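Please read the structure below before turning to the comments.
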Amino acid sequence: MSDPRLPAAYLQPGMSSFSDFLADQAPDLLPGRVLPQGTEGRHAGDLAPHGTTIVAATFPGGVVLAGDRRATMGNIIAQRDIEKVFPADEYSAVGIAGTAGLAVEMVRLFQTELEHYEKIEGSTLSMDGKANRLTALIRNNLGMAMQGLAVVPLFAGYDLRVGQGRIFSYDVTGGRYEETAFHSVGSGSLFARGSLKKLYRDDLDVTTCVEVVVQALYDAADDDSATGGPDLTRRIFPVVQVITADGGHRMPDDEVAAIADRVITGRMIRPDGPAAALGGGGPA
């Protein structure tokens, strides 16, 4: 097979990893290889918008991944409606915290990586395989992370082999950790995780699970200035991705808005959020 428009390497069968192929043929196109000139010595938070906070929680039959919409540069709100949760493929999604530009590039490369593997191998990667591929992409960004431009994703999906939702977190070196029930990343993660500890139950239905993660994002925004809460005047609400055995989909904005309105109505009565029942197991 030959085509004068393309180098020979593009026409050879083989590599199932798109990022490995790109590193071999055009390494300069990989994200996060070189810090832009003229930025040495500056604080990373002033170089590019940073995004937080991402939360995920499982429910019987699936998993929910959600993120707030704020990006900041230092003490400035850089963007109020940034999207930080993306589908990775039909049965998984990834949320990003950290340097927004690098994170979005990493997500696009990850999406291409999964699609490339499926086309080359004729089958989809397992859930663990997808999580491992994301590990490699994060590790490639380690040089930038050491200069303050870190990307910390949260990966979630429905595992068809075991029939349940699964959540994976990462550190900046690419360390991969499977989480149980729920997790959060980003500057507001400490407050979101505290909220999830109080409100999460393992028998939640999908609507209640979404309400719990929206409550967690509200609590994160309540205590972390880099996390944006529901913006009622601009009608900007969290991005919520729901993944089940039928595949993943983004929850429509009007449905998320209805849940957010219900959460805010409750906060008008009790600003610190719903009280969790003592003794365990009871509804909030």
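The values are calculated or read from the model by the stated rules, or taken from the named source; none is laboratory data. Keep in mind it's a predicted model, so treat the numbers as computed, not measured. Please note: Cβ atoms are built from the backbone with ideal geometry, for glycine as well, and neighbour counts cover all protein chains shown. Ligands, DNA and RNA are stripped out before the accessible areas are found, and what is left, the full protein with its side chains, is counted by its heavy atoms. Shrake-Rupley method; radii C 1.70, N 1.55, O 1.52, S 1.80 Å.
Checking the structure you have, find out if any residue of region 170-183 is under 17 Å from the mean Cα position of the chain (by Cα) and under 19 Å from residue 267 (Cα atoms).
No - not one qualifying residue is present in region 170-183.
Could you say which residue among 273, 248, 228 is touching a Phe, Trp or Tyr at 6+ places or on another chain (Cβ under 8 Å), touching a residue at least 12 places away in the same chain (Cβ under 8 Å) and either polar (S, T, N, Q) or part of a loop (DSSP other than H, G, I, E, B) (or both)? Give the derivation first.
Details: 248 fails: either polar (S, T, N, Q) or part of a loop (DSSP other than H, G, I, E, B) (or both); 228 fails: touching a Phe, Trp or Tyr at 6+ places or on another chain (Cβ under 8 Å).
One residue alone meets the criteria, 273.
Output the residues belonging to region 199-225 that are assigned to a loop (DSSP other than H, G, I, E, B) and polar (S, T, N, Q).
Just the residues of region 199-225 that are assigned to a loop (DSSP other than H, G, I, E, B), to begin with: 200-205, 224-225.
If the condition is that a residue be assigned to a loop (DSSP other than H, G, I, E, B) and polar (S, T, N, Q), then 225 is the only one that fits.
Among the numbered conditions (1) open to solvent by less than 10 Å² (accessible area, probe 1.4 Å); (2) within 16 Å of residue 155 (Cβ to Cβ); (3) not aliphatic (A, V, I, L, M), tell me where residue 126 comes up short.
Among (1) open to solvent by less than 10 Å² (accessible area, probe 1.4 Å); (2) within 16 Å of residue 155 (Cβ to Cβ); (3) not aliphatic (A, V, I, L, M), residue 126 violates only (1).
Of everything in region 242-263 that's of a type in the set (A, V, I, L, M, F, W, C) and more than 11 Å from residue 211 (Cα to Cα), which residue is surrounded by the most Cβ atoms within 10 Å (Cβ to Cβ)?
Filtering region 242-263 for residues that are of a type in the set (A, V, I, L, M, F, W, C) and more than 11 Å from residue 211 (Cα to Cα), the one surrounded by the most Cβ atoms within 10 Å (Cβ to Cβ) comes out as 243.
I'm trying to understand the selection: among the residues of region 92-112, which are outside any helix (DSSP H, G or I) and over 13 Å from residue 241 (Cβ atoms)?
Passing the criteria: 97, 98, 99.
Taking the condition at pLDDT below 80, more than 16 Å from residue 240 (Cα to Cα) and in contact with a strand residue (DSSP E or B) (Cβ under 7 Å, 6 or more places away or on another chain), does residue 45 pass? Talk me through it step by step, then tell me what you get.
Values: at pLDDT below 80: yes; more than 16 Å from residue 240 (Cα to Cα): yes; in contact with a strand residue (DSSP E or B) (Cβ under 7 Å, 6 or more places away or on another chain): yes.
The answer is yes for residue 45.
Only one of these conditions is not met by residue 206: (1) within 21 Å of residue 75 (Cβ to Cβ); (2) open to solvent by 50 Å² or more (accessible area, probe 1.4 Å); (3) β-branched (Val, Ile, Thr). Which number is it?
With (1) within 21 Å of residue 75 (Cβ to Cβ); (2) open to solvent by 50 Å² or more (accessible area, probe 1.4 Å); (3) β-branched (Val, Ile, Thr) applied to residue 206, the lone miss is (1).
Just to be sure, is residue 59 within 24 Å of residue 117 (Cα to Cα) and either polar (S, T, N, Q) or at pLDDT 75 or above (or both)?
Here the answer is no, as residue 59 does not meet what is asked.
Name the pairs whose Cβ atoms lie under 9 Å apart, with the first residue in region 165-191 and part of a strand (DSSP E or B), the second aromatic (Phe, Trp, Tyr) and surrounded by fewer than 17 Cβ atoms within 10 Å (Cβ to Cβ), and 6 or more positions between them or separate chains?
Correct list of pairs: 168/177; 169/177; 170/177; 183/177.
Answer yes or no: is there a residue in region 264-275 that is among the β-branched types (Val, Ile, Thr) and within 24 Å of residue 87 (Cβ to Cβ).
no
Please specify each residue of region 231-241 satisfying the condition of being crowded, with 24+ Cβ neighbours inside 10 Å and either assigned to a strand (DSSP E or B) or among the hydroxyl-bearing types (Ser, Thr, Tyr) (or both). Before you say what the answer is, go through the steps one by one.
The initial filter retains those residues of region 231-241 that are crowded, with 24+ Cβ neighbours inside 10 Å, namely 237-238, 240-241.
Those that are crowded, with 24+ Cβ neighbours inside 10 Å and either assigned to a strand (DSSP E or B) or among the hydroxyl-bearing types (Ser, Thr, Tyr) (or both): 240, 241.
Would you check if residue 79 is out of contact with any helix residue (DSSP H, G or I) (no Cβ under 9 Å at 6 or more places or on another chain) and either acidic (Asp, Glu) or farther than 15 Å from residue 170 by Cβ (or both)?
no
Looking only at region 59-77, filter to residues that are open to solvent by 10 Å² or more (accessible area, probe 1.4 Å) and small (Gly, Ala, Ser); which one of those is farthest from residue 253 (Cα to Cα)?
Out of the qualifying residues, it is 74.
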